[in-house]
Amino acid sequence: MNYHVNINGIDVDAHYSPEAVEEIFKPLLLRLAKLCSSKGRRLLVMLAAPPGAGKSTLVSFLEYLGKEMKLEYKVQAIGMDGFHRRQEYLTSHTMTVDGREIPMVEVKGCPETFDLEKLRSRIEGVLKGTANTWPSYDRHLHNPVEDAIKIDADILLLEGNYLLLDEPGWNSLSELADYTVSITAAPDILRERLIDRKEKSGNSREKAEQFVDFSDMRNVRLCLEHTKEADLKLTKIY
């Protein structure tokens, strides 16, 4: 099944095989609908995957598929990218990488460049019903867009790199989830996808490769090696 969507300001064309749709995605949505019914409240699903694995596109596709299936419960895709710290913060603060102090913007996308407490607080607010909006992220603006999404669904599909990260601070985040999904993928394929995405954000090929090799691939390895076990584990094959 071909699927076209705009993710964070970038057009994406994806294809999901009939086997994946019928044997994985539809059964997953039916399982989540049953779980939502049994709990009698809003359901939070966390989907974690390395950078470049297509997690934003997948949760968007699952939202679309839920509509096509006419599920009893509304499915909504959201992401953690809206909790990036703002560009002005990242350019004015530093962190130590490989023994040297560098501006945080040079490693944008690593766990330290996200506002974890803000993310946790917003998740809790959405689950309690005290918050009904969610931020998005625009890759052309290089900044979050606050309150861009109205939360109005029964099943929330939250995607992000570090939602299942087994590191201090992050490792308790998944306790807020009712169901978890993780995706693994080959690092060399992820590298090419990340370079392509960086170019589409307005960077030269050379600059894109430098950033991906210095920053993004660290995050890829972190996700592949330090992600907690999920209720459902998928392997991305391109």
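The values are calculated or read from the model by the stated rules, or taken from the named source; none is laboratory data. It should be emphasised that the depicted structure is a prediction, and the values quoted were computed from it without experimental measurement. Glycine also receives a Cβ, built like all others from the backbone with ideal geometry; neighbour counts cover every protein chain displayed. For accessibility, only protein heavy atoms count, side chains too; no ligands or nucleic acids. Shrake-Rupley method; radii C 1.70, N 1.55, O 1.52, S 1.80 Å.
Of note:
- Over region 115-238, relative contact order from alpha-carbon pairs under 8 Å, at least 6 apart, %: 25
- For region 49-63 versus region 209-229, the gap between their alpha-carbon centres in whole angstrom: 16
- Stokes-Einstein D in µm²/s, Kirkwood radius over Cα pairs - the chain at 10 °C with 1.306 mPa s viscosity: 87
- Solvent-accessible surface of region 123-220, averaged per residue with a 1.4 angstrom probe and all protein chains in place: 45 square angstrom.
- With every protein chain in place, the chain: carbon and sulfur % of accessible area (1.4 Å): 47
- Distance distribution note for region 45-163: the fraction of Cα pairs above 18 angstrom is 55%.
- Ranking by accessible area, most exposed first, for Thr184, Thr94 with a 1.4 Å probe: Thr94, Thr184
- For Thr184, the residues whose modelled amide H falls within less than 5 Å of its own, excluding neighbours fewer than 5 places apart on the same chain, are Leu234, Thr235, Lys236.
- For region 8-71, projected area of the alpha-carbon convex hull averaged over all directions, nm²: 5.2
- Using the Cβ-Cβ distance between Asp231 and Lys200 with R0 set to 30 Å, the FRET efficiency works out to roughly 0.35.
- Amide H contacts for Ala148 (H built 1.01 Å from N in the peptide plane; partners 5 or more residues away or on another chain; cut-off under 5 Å): Trp134, Ser136.
- Largest mean-square fluctuation among Gly66, Gly125, Gly109, in a Gaussian network model of the chain whose springs join Cα atoms under 10 Å apart, belongs to Gly125.
- In Å², nearest 10: area of Phe211 left accessible to a 1.4 Å probe: 40
- Calculated P(r) of region 124-218 - Cα pairs past 19 Å, %: 59
- Sorting Tyr73, Tyr89, Tyr162, Tyr179 on solvent-accessible area from highest to lowest, probe radius 1.4 Å, gives Tyr89, Tyr73, Tyr179, Tyr162.
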